[in-house]
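Everything on this sheet refers to the single structure shown next.
Every number in this text was worked out from the coordinates using simple rules, so none of it is lab data. Not measured: the values here are computed from a predicted model. With ideal geometry, Cβ positions are generated from the backbone for all residues, glycine too; neighbour counts draw on all protein chains shown.
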Amino acid sequence: MTPHINPKAEIAPRILLPGDPLRAKYIAENMLENAEQFNEVRGALGFTGTYKGEKVSVMGTGMGMPQVSIYVTELMKFYGVKTLIRIGTCGGMLPDMQLMDLILGTGACTTSGINRHIFNGDFAPTADFELLNKAYEIAKEREIKTYTGLILSSDMFYGENKKEDSEMWKKYGVIAGEMEGAALYTIAAKYRCRALTMLSVSDGPFIDRDLTYEEKEKGLKNMFEVALDTAIAF
């Protein structure tokens with residue numbers, strides 16, 4: 001037992017990490033077999049079941065890097081989780097992106113001060129290459145429109161971002177904005193674990209509508225399947 005996870009069932013060595021706990025519940029009920037709930041502390045619902053005969057866990061982490069940092073640290077340090085895939089949504093920054101396109105974050109830039117509390121310099125957190133490569137192969141085999149590139153992890157959803165700031169990030173190869181990836185990659189580096197941030201486009205400056213809450217919770221099946229098949233490969 002740790003302060004934020006009180007396991008009532010086994011936690012698998014591979015885990016999917018949506019921000020929304022109800023997304024975790026949906027995956028457990030619809031995509032895993034014999035799923036058992038292992039956590040409900042603070043509403044961070046976690047479940048373990050099997051997928052194609054392999055044990056997989058899924059757990060909601062909430063929003064933002066401070067919150068996800070707590071959960072992934074406890075999962076890696078105390079519960080032996082070795083493969084972690086964040087499955088979230090993002091703002092797509094490229095003109096040809098459409099809703100539910102898949103994005104694999106090769107590395108995570110950030111406007112947060114999270115790593116400045118650790119390093120005397122700038123740390124460049126990146127995805128695990130083998131995990132990233134496997135996910136890309138699976139997505140391409142299924143003809144899912146997929147982008148790979150840098151993501152930007154921000155502390156603020158309702159920020160005061162200027163258009164010129166967004167253009168500068170894009171100029172240097174950033175393709176999407178989200179709120180957790182940099183923390184996941186940094187902590188995975190510390191504990192020598194595999195980590196990947198996998199995102200579905202939910203909005204963007206070139207898209208005329210946002211995904212609804214229901215679409216975010218239940219309509220991202222392509223991403224869920226790619227994440228599950230990637231997870232059980234390791």
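I'd like to compare 197-203, 47-53, 175-181: which one has the highest average count of other Cβ atoms within 10 Å, and what's the full order after that?
So the order, starting with the most tightly packed, is 175-181, 197-203, 47-53.
Picking from 45, 98, 168, whose Cα lies most toward the positive end of the charge dipole for region 14-231 (charges on Cβ: Lys, Arg +1; Asp, Glu -1)?
45
Can you classify region 194-234 as rounded, prolate or oblate using the Cα gyration tensor, where a ≥ b ≥ c are the square roots of its eigenvalues, rounded means a/c under 1.5, and otherwise it's prolate if a/b beats b/c and oblate if not?
It comes out prolate by the Cα gyration axes.
Kirkwood-based Rg over Rh for the chain (C-alpha set), two decimals?
That ratio is 0.94, to two decimals.
Taking amide H positions as placed 1.01 Å from N in the peptide plane, with prolines and chain starts having none, which residues 5 or more places from residue 106, or on another chain, fall under 5 Å of its amide H?
149, 150, 151
Would you calculate a helix-derived [θ] at 222 nm for the chain, using -39,500 (n - 2.57) for each DSSP H run of n ≥ 4 and dividing by the full residue count, to the nearest 500?
The per-residue figure over the chain is -9500 deg cm²/dmol.
Taking Cα pairs under 8 Å and at least six residues apart, what relative contact order does the chain come out at, in percent?
About 27 percent, as a whole number.
Who wins for biggest fluctuation among 12, 139, 124 in a Gaussian network model of the chain, springs between alpha carbons below 10 Å?
124
Specify the angular offset, from 0 to 90 degrees and rounded to the nearest 10, of the alpha carbon long axis of helix 181-190 from the longest principal axis of the alpha carbons in the chain.
60 degrees
Quick check for you: which residues of region 188-222 have the amide N under 17 Å from the point 7 Å beyond the Cα of residue 165 toward its beta carbon?
Label zone hits: 205.
If you take every DSSP beta bridge fully contained in region 14-231, what fraction is antiparallel? Give it as a percent rounded to 5.
In region 14-231, approximately 40 percent of DSSP beta bridges are antiparallel ones.
Each residue of region 32-44 in turn: what ³J(HN,Hα) in whole Hz from Karplus with 6.51, -1.76, 1.60 and θ = phi - 60°, glycine and Pro shown as x?
Karplus values, whole Hz, x for Gly and Pro: 10, 9, 6, 6, 10, 6, 10, 8, 9, 4, 6, x, 7.
On a straight-distance basis, which lysines could pair with residue 25 in a cross-link, Cα separation under 19 angstrom, same-chain partners fewer than 8 positions away excluded?
8, 52, 55, 216, 218, 221
List the residues whose amide H sits under 5 Å from the amide H of residue 39, counting only those 5 or more places along or on another chain, with H placed 1.01 Å from N in the peptide plane.
8, 46
For labels at residue 157 and residue 123 in the simple 7 Å Cα→Cβ model, what's the distance in nm?
2.6 nm
With the contact rule set at Cα under 8 Å and sequence spacing of 6 or more, what percent relative contact order holds for region 101-149?
Computed value for region 101-149: 60 percent relative contact order.
Over region 108-234, calculate the relative contact order: mean separation of alpha carbon pairs under 8 Å at least 6 apart, over the residue count, as a percent.
31 percent
Residue 61's amide H: which non-local residues (gap 5+, or another chain) put their own amide H closer than 5 Å, with H modeled 1.01 Å from N in plane and none for Pro or chain starts?
Long-range HN contacts for residue 61: 19, 20.
How would you order 71-79, 19-27, 140-148, 57-65 from highest to lowest mean count of nearby Cβ atoms within 10 Å?
57-65, 19-27, 71-79, 140-148
Tell me, in nm to one decimal, what length is gained between residue 40 and residue 172 on full extension, where the rule is 0.36 nm per residue of separation less the Cα-Cα distance?
Length difference between fully extended and current span is 43.5 nm.
In degrees between 0 and 90, to the nearest 10, how far off the longest principal axis of the chain does helix 21-31 point, with axes built from Cα atoms?
The angle comes out at about 60 degrees.
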